[in-house]
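Taking it in order: structure first as structure tokens, then the write-up.
The values are calculated or read from the model by the stated rules, or taken from the named source; none is laboratory data. Because the structure is predicted, anything quoted here is derived from the model rather than measured. Glycine gets a Cβ as well: all are built from the backbone with ideal geometry, and neighbour counts include every protein chain shown. We work out accessible area using only protein heavy atoms, side chains counted, and drop any ligands, DNA or RNA first. Shrake-Rupley method; radii C 1.70, N 1.55, O 1.52, S 1.80 Å.
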Amino acid sequence: MRKQLSQDENKGSVGTLARGLDILELFAGESPELTQTEISDRLGLPVPTVHRLVKLLTERGWLVRDPATRRLRLGLGAARLLPAVRLPDLAREPLRALAEQTGETVNLATLDGSDVLYLLSETGSHLLTLRSHVGLRLPVHATALGKCLLAQLDDAAAREAAGDEPYESLTSRTVTSWSKLRAQLERVRREGVAHSRDEYELGLSSIAVPLTWVEGDGPVAVNVSLPSTRAGPEATPRLVTELRKTVEAIA
């Protein structure tokens, strides 16, 4: 049912804001997904008004649209205003537990343009360990996190994010062409895990898995970074299993 606005709320932009909030509140109830027509019916608003408001809310990340069903749901823009449900806060304890269990450094990252952007890092207990920090940026083509993030995009978007070829050659094992990178992304999509061994830096290995989060705010992934000497055939399957348990705990 449409809410009655006060005289002040009916004035210009204040009324628009109130209607936008009305729309967002619909998704917080028993209807996590709605069409524009359903929003119009429930609030008693003209469809053109709903269309205009939804367009703005989608552009700002407050709503996302399922490309298959065209139904709308809340985006991560809403979650950012609630510290209790921000992704880094939700992920902190599971990542800390994984770092303690494995002794390795564990990171949470997203894609920002053509960079891997670290959102959270928990350092392991091994004396010889890797240290990262929030805000760290790394190239997508030479890291397990980067490949895991790119693999969550379609090929066109992934290629654009990877940038112009040839990609920077950081070691003798760095992939520098789209054709080779794309083959790696296809494998990541099939297996649900990305690997990097001596590609970013000699002696450094990483394993990453995708984290399903609120759609529409970009891909997210979690990795374990460790010296290549500890990333052998016996340790890798165990780390992959623990990574998957960790992302399930977060999601």
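A few comments on the model shown:
- Reported count of residues in the stretch 223-251, each being hydrophobic (A, V, I, L, M, F, W, C), touching a strand residue (DSSP E or B) at 6+ places or on another chain (Cβ under 7 Å), under 17 Å from residue 124 (Cβ atoms) and open to solvent by 10 Å² or more (accessible area, probe 1.4 Å), is 2.
- The stretch 71-100 - residue that is in contact with a helix residue (DSSP H, G or I) (Cβ under 7 Å, 6 or more places away or on another chain) and loosely packed, with under 15 Cβ neighbours inside 10 Å and, of those, modelled with the lowest pLDDT: 83
- Subset tally (residues that are closer than 27 Å to residue 115 by Cβ, of a type in the set (A, V, I, L, M) and modelled with pLDDT under 95) for the stretch 216-246: 3
- A count restricted to the stretch 166-196 and to residues that are open to solvent by 90 Å² or more (accessible area, probe 1.4 Å) and touching a helix residue (DSSP H, G or I) at 6+ places or on another chain (Cβ under 8 Å) stands at 1.
- When the stretch 86-138 is filtered for residues that are within 23 Å of residue 235 (Cα to Cα) and free of Cβ contacts under 8 Å to residues at least 12 places away in the same chain, the ones remaining, listed by number, are 93, 127.
- Some residue of the stretch 208-222 being more than 25 Å from residue 176 (Cα to Cα), in contact with a strand residue (DSSP E or B) (Cβ under 6 Å, 6 or more places away or on another chain) and assigned to a helix (DSSP H, G or I): no
- Restricting 239, 170, 202 to those that are in contact (Cβ under 8 Å) with a residue 60 or more places away in the chain and more than 15 Å from the chain's Cα centre (by Cα) reduces the list to 239.
- Per the conditions (1) touching a residue at least 40 places away in the same chain (Cβ under 8 Å); (2) closer than 15 Å to residue 225 by Cβ, the sole criterion not satisfied by residue 163 is (2).
- Leading residue by the ranking (farthest from residue 118 (Cα to Cα)) among those in the stretch 177-207 that are in contact with a strand residue (DSSP E or B) (Cβ under 9 Å, 6 or more places away or on another chain) and assigned to a helix (DSSP H, G or I): 187
- Which numbered condition residue 154 fails, given (1) of a type outside the set (A, V, I, L, M, F, W, C); (2) free of Cβ contacts under 8 Å to residues at least 60 places away in the same chain; (3) open to solvent by 20 Å² or more (accessible area, probe 1.4 Å); (4) touching a helix residue (DSSP H, G or I) at 6+ places or on another chain (Cβ under 9 Å): (4)
- The sole residue among 110, 143 that is under 22 Å from residue 250 (Cβ atoms), among the β-branched types (Val, Ile, Thr), out of contact with any Ser or Thr (no Cβ under 8 Å at 6 or more places or on another chain) and open to solvent by less than 40 Å² (accessible area, probe 1.4 Å) is 110.
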